[in-house]
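**Q** The structure under discussion is supplied below as structure tokens; questions concerning it will follow.
The values are calculated or read from the model by the stated rules, or taken from the named source; none is laboratory data. Note that the coordinates shown come from a computational prediction; the quantities given were computed from them, not determined experimentally. FYI the Cβ positions are ideal-geometry reconstructions off the backbone, even for glycines, and counts take in every protein chain you see.
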Amino acid sequence: MSDYKNKLGNLANRLKKEEPKTPIQEVNPVKSKREEKEPEGQLNVWIPKKLLKRMKSFGVEKELTQKDIAIIALDKYLSEVNGQYNQSNKS
């Protein structure tokens, strides 16, 4: 028991004598890939509520924003329509 008290006494004396060591934290900025963004324009449309609900649930499932879904959908649609338009003009 006296050994335990000596260890505690020595610990208390050491803590009083030594200054606490403050940990130094190094701050590094997060390096992100810089993607050059295209200039954006605003699109505001009214769509059926059922379609909006489908869009939101799809976005939650696939972790996409409504903006991302709209861009993907419009891009795909316009590519398909453009292909069909070009084919009909060739005939």
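**Q** Can ASN28 be described as surrounded by 10 or more Cβ atoms within 10 Å (Cβ to Cβ) and either in contact with an Asp or Glu (Cβ under 9 Å, 6 or more places away or on another chain) or farther than 16 Å from ILE69 by Cβ (or both)?
**A** Judged against the criteria, ASN28 is not a match.
**Q** Being touching a helix residue (DSSP H, G or I) at 6+ places or on another chain (Cβ under 9 Å) and surrounded by fewer than 10 Cβ atoms within 10 Å (Cβ to Cβ) is true for just one of LEU43, LEU64, LEU52. Which residue is that?
**A** LEU43 is the lone residue from the list that is touching a helix residue (DSSP H, G or I) at 6+ places or on another chain (Cβ under 9 Å) and surrounded by fewer than 10 Cβ atoms within 10 Å (Cβ to Cβ).
**Q** So is SER57 among the hydroxyl-bearing types (Ser, Thr, Tyr) and modelled with pLDDT of 90 or more or not?
**A** yes
**Q** From LYS53, LYS37, LYS16, which residue is in a loop (DSSP other than H, G, I, E, B) and of a type outside the set (Gly, Ala, Ser)?
**A** Matching residue, one of LYS53, LYS37, LYS16: LYS37.
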